[in-house]
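Since the structure comes first, as structure tokens, the remarks are kept for the end.
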Amino acid sequence: MSEFQTNSRVIKWIEHRMPVFSFLDHSVGRSFPAPKNLSYLWNFGSLAGLVLVIMIVTGIVLAMQYTAHVDYAFNSVERIMRDVNYGWLIRYIHMNGASFFFIVVYIHIFRGLYYGSYKAPRELLWMIGVVILLLMMATAFMGYVLPWGQMSFWGAKVITNLFSAVPFFGEGIVTWLWGGFTVDNPTLNRFFSLHYLLPFIIVAVVVLHIWALHQFGSNNPLGIDTKGPQDKIPFHPYYTVKDAFGVGVFLIFFAAMVFYAPNYMGDPVNYVQADPLATPAHIVPEWYFLPFYAILRAIPDKLLGVIAMFGSIAVLFILPWLDRSPVKSGRFRPIFRIFFVLLVIDTVVLGFAGANPPEGTWLLVGQIATAWYFLHFLIILPLLGVFERPKPLPTSISEPVLKGGGSMAGATTTPMEKA
Amino acid sequence: MADTATPAQAGSGETRRDFLYLAAGAMGAVGVGAVAWPLIDSMNPSAEVLALASTEVDLSPIEVGQRITVTWRGNPVFIDHRTQEQIQQAEAVPLDDLPDPQADDARVQQPEWLIVIGVCTHLGCVPLGQKTGQSRGEFGGWFCPCHGSHYDTSGRIRKGPAPLNLPVPPYEFTGDTSIVIG
């Protein structure tokens, strides 16, 4: 955790003119101290970054072969699958990469929810993360439209029609979004343009996310602040190697899907070309949108349904002010733990409700699960902050490991100088 | 500076500076808005999309009781040559029973020809009922499979999440058996 040092004259020459190497060293190197008790759940941030890079690289190559026109889009994707060298591989990586991006990010988010990573002083870090989630959703939605299959078209139509619920301006907004009177060629063209743009916006916001992270460093499974050097280890090599190991494990799962079940998470109806005059029998979004789709359909009123769907993300924005408990980690919150498990189950139930037609039992299940979702964030969390009696916190990260011998020299209160 | 100036001078100076500050800011905002508008408006329907906005239809081959679908502005338009029974059914409905009250004669120019845009007013699916064998819903008109909206023989919403009746496009009869939509 010392200052950046090198023997290379080239690096010294550059460093003197532009301190890029010491910047990297402070960001992900020896000069970035991280809590020494991070678990494997802390791997998913770097994994999300990896998937973002995979998506951008494969996306740039795919864009060289894709034609954004209603008459050619579907066939150009089939051409990628059949004629382009390794086109099948690149497209399957991109397609499954979207799903894995959401798997990784959802685990990352639930990690933050359990360990209180959204609490002071990391509120802004958390909110920037929610912005990334919203950008990811917009990017994934527009990307799904590009192959111009039946689900692409009708998904686009249903989702853009949500904006017609806006009072007074609804119709005008939808016509503006479409560039016509229905989802058509102008819509496909602008979705392609924005689908190419937004990942780079995500990169910029990820930089802000990491910037905010480095202000106070990572949270940790105990949720208590690091008290001194004995609570920390340098990011490099300890966490770079741990992240690299995580990447290896992740790639095993990713490759298994890409090579052995590439269409498992997709909808077969999307291999039928878009037909604006015939709606498929059952329109469903991709799996990662199903909980939100269930919330949309749980409420019989069109406008209120749309408000509830966006509200389900909005509660995450204000979460740092809803959960007022001073204890971060769920490990020391016996009642919170139970409700956290219930919330995870609730979102899974919402996913199943979103996958099934909104009739009979599934409609009722979706409505109950929607009510529970908002109850959790708006009622239960604020009340827990007042009434829950947390377990005693360890005095330092070292203490539980060293059995009371944790108060080594310097462990008193001298805060670690920020590297 | 503020320490040495008399209160009166400081006051007038600050007022003028505030005014310049606000005026420059306002002009900047107007300028940004003026430049942004062409970019925003370029995303609205273009001239060639608007030029496609009328469709001619020959009604003579359509038998009584038959329904056909034509395309207008990229959307399906349902043309229904209604039977006397269907017309009476539509006219007999009390307006109080309708979520979006509209009399049948306000929705047609000639009672035997019902012309509506075939896009569900809920979230934009195409309702079933145009082809033989398809479900026409509980009211003999159309049925939207996406979220279960039922329309009657006048294309009015009767049951389900859709808030409005199937819209009637602007059209006129150019002869006894031909119309122009749009």
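The table below gives the values:
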item	result
Only one of A:Phe181, A:Phe191 that is within 14 Å of another protein chain (Cβ to nearest Cβ) and either open to solvent by 20 Å² or more (accessible area, probe 1.4 Å) or touching a Lys or Arg at 6+ places or on another chain (Cβ under 6 Å) (or both)	A:Phe181
Count of region B:50-69 residues which are of a type in the set (A, V, I, L, M) and either more than 10 Å from chain A (Cβ to nearest Cβ) or under 18 Å from B:Arg156 (Cα atoms) (or both)	6
Unmet criterion (only one of (1) closer than 28 Å to A:Asp184 by Cβ; (2) outside any helix (DSSP H, G or I); (3) in contact with a strand residue (DSSP E or B) (Cβ under 7 Å, 6 or more places away or on another chain)) for A:Asn270	(2)
Those residues of region A:267-277 which are touching a residue at least 60 places away in the same chain (Cβ under 8 Å) and either within 14 Å of chain B (Cβ to nearest Cβ) or open to solvent by 30 Å² or more (accessible area, probe 1.4 Å) (or both), in sequence order	A:Asp267, A:Val269, A:Tyr271, A:Val272, A:Gln273, A:Ala274, A:Asp275, A:Pro276
Criterion (away from chain B (no Cβ under 14 Å) and within 15 Å of A:Phe141 (Cβ to Cβ)) met by exactly one of A:Phe310, A:Phe317	A:Phe310
Unmet requirement for A:Thr160, which otherwise passes all of (1) in contact with a Pro (Cβ under 9 Å, 6 or more places away or on another chain); (2) within 14 Å of chain B (Cβ to nearest Cβ)	(1)
Checking B:Val119 against (1) open to solvent by 20 Å² or more (accessible area, probe 1.4 Å); (2) assigned to a strand (DSSP E or B), the condition it does not meet	(2)
Sole exception among (1) crowded, with 22+ Cβ neighbours inside 10 Å; (2) over 20 Å from the mean Cα position of the chain (by Cα) for B:Leu95, by number	(1)
Out of A:Val158, A:Val174, A:Val130, sole residue that is more than 21 Å from the chain's Cα centre (by Cα), touching a residue at least 60 places away in the same chain (Cβ under 8 Å) and open to solvent by less than 30 Å² (accessible area, probe 1.4 Å)	A:Val158
Filter result for the condition that a residue is under 30 Å from A:Pro334 (Cβ atoms), in contact (Cβ under 8 Å) with a residue 24 or more places away in the chain and either assigned to a loop (DSSP other than H, G, I, E, B) or of a type outside the set (Asp, Glu) (or both), over A:Ile201, A:Ile210, A:Ile224, A:Ile283	A:Ile224
Count - residues of region A:349-370 that are part of a helix (DSSP H, G or I), free of Cβ contacts under 8 Å to residues at least 24 places away in the same chain and either polar (S, T, N, Q) or surrounded by fewer than 13 Cβ atoms within 10 Å (Cβ to Cβ) (or both)	2
Pick from region B:122-152, criterion open to solvent by less than 30 Å² (accessible area, probe 1.4 Å), within 14 Å of another protein chain (Cβ to nearest Cβ) and assigned to a strand (DSSP E or B), ranking: nearest to A:Trp154 (Cα to Cα)	B:Cys144
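Okay, residues lined up against (1) of a type in the set (A, V, I, L, M, F, W, C); (2) open to solvent by 80 Å² or more (accessible area, probe 1.4 Å); (3) under 27 Å from A:Asp184 (Cα atoms):
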residue: B:Leu59; (1), (2), (3): yes, no, no
residue: B:Val70; (1), (2), (3): yes, no, yes
residue: B:Pro76; (1), (2), (3): no, no, yes
residue: B:Asp100; (1), (2), (3): no, no, no
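The values are calculated or read from the model by the stated rules, or taken from the named source; none is laboratory data. Note that this is a predicted model, so its numbers are computed, not measured. Counting neighbours? That spans all protein chains shown, and the Cβs are built from the backbone with ideal geometry, glycine included. All accessible areas refer to the heavy atoms of the entire protein, side chains included, with ligands and DNA or RNA removed. Shrake-Rupley method; radii C 1.70, N 1.55, O 1.52, S 1.80 Å.
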